[in-house]
Amino acid sequence: MVTDDLAAFAVALPPGRPLFGLDLGEKTIGVAISDTRRSVASPAETIRRTKFGVDAAALLALAAGREAAGFILGLPRNMDGSEGPRCQSTRSFARNLSRLTDLPIAFWDERLSTVAVERTLIAADASRRRRAELVDKLAAAYILQGALDRLANIGAGR
């Protein structure tokens, strides 16, 4: 199941299992994970992208190890809400991943997530090198936290 509808996604989730958040970049995939109550997102790791099969295997191994309930993928819409090539690439990744797993997959609008994380790291006086190490997994946590908050507001996802 791949959906833009968070309420439909929530219905497909088994209780008491965490969600994974993904920030898909061209070179890396930022990964975050929620607690089992699905209230807090924490950055987990950054996967260096290679081929889809290798990337998917790494994600699915992480998800299996943490008994994940599903995936939230950041959808990089344009500022006007339209979808460009990066959205198409993310949707394609989700479709291909859904062929390898029964875990539900939902999209979350990630406009400005990386910018927000960068600003926070700059305010914390993180060096450029440190920001580069952290930005992807922190952006994934930012994306996942937004989706978790929305799930809590619609009274679902627990």
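Peptides 88-101, 22-35 ranked from most to least packed by the mean count of surrounding Cβ atoms within 10 Å: 22-35, 88-101.
Highest mean first, the peptides 72-81, 142-151 sorted by other C-beta atoms within 10 Å per residue fall in the order 142-151, 72-81. Selection among A58, S42, L19 by position relative to the dipole of segment 1-59 gives A58 as farthest towards the positive end (Cβ unit charges, Cα centre). Rolling a 1.4 Å probe over the heavy atoms of the protein chains gives segment 49-92 an accessible area of 51 Å² per residue. Ligands, DNA and RNA left out, the 1.4 Å accessible surface of segment 7-67 is 56% carbon and sulfur atoms.
Remark on segment 1-114: ratio of C-alpha radius of gyration to 2.2 N^0.38 Å is 0.99. Under a 5 Å amide H cut-off, with hydrogens placed 1.01 Å from N, A44 pairs with V31, A32, I33 among residues at least 5 apart or on other chains.
Distant-in-sequence amide contacts of T3, defined by a placed amide H-H separation under 5 Å and a gap of 5 or more residues or a different chain, comprise I105, A106, F107.
The values are calculated or read from the model by the stated rules, or taken from the named source; none is laboratory data. What you are looking at is a predicted structure, and each value in this text was computed from that prediction instead of being measured. Cβ coordinates were reconstructed from backbone atoms using ideal geometry, including for glycine residues, and neighbour counts include every protein chain displayed. The area values use the complete protein model at the heavy-atom level, side chains included, leaving out ligands, DNA and RNA. Shrake-Rupley method; radii C 1.70, N 1.55, O 1.52, S 1.80 Å.
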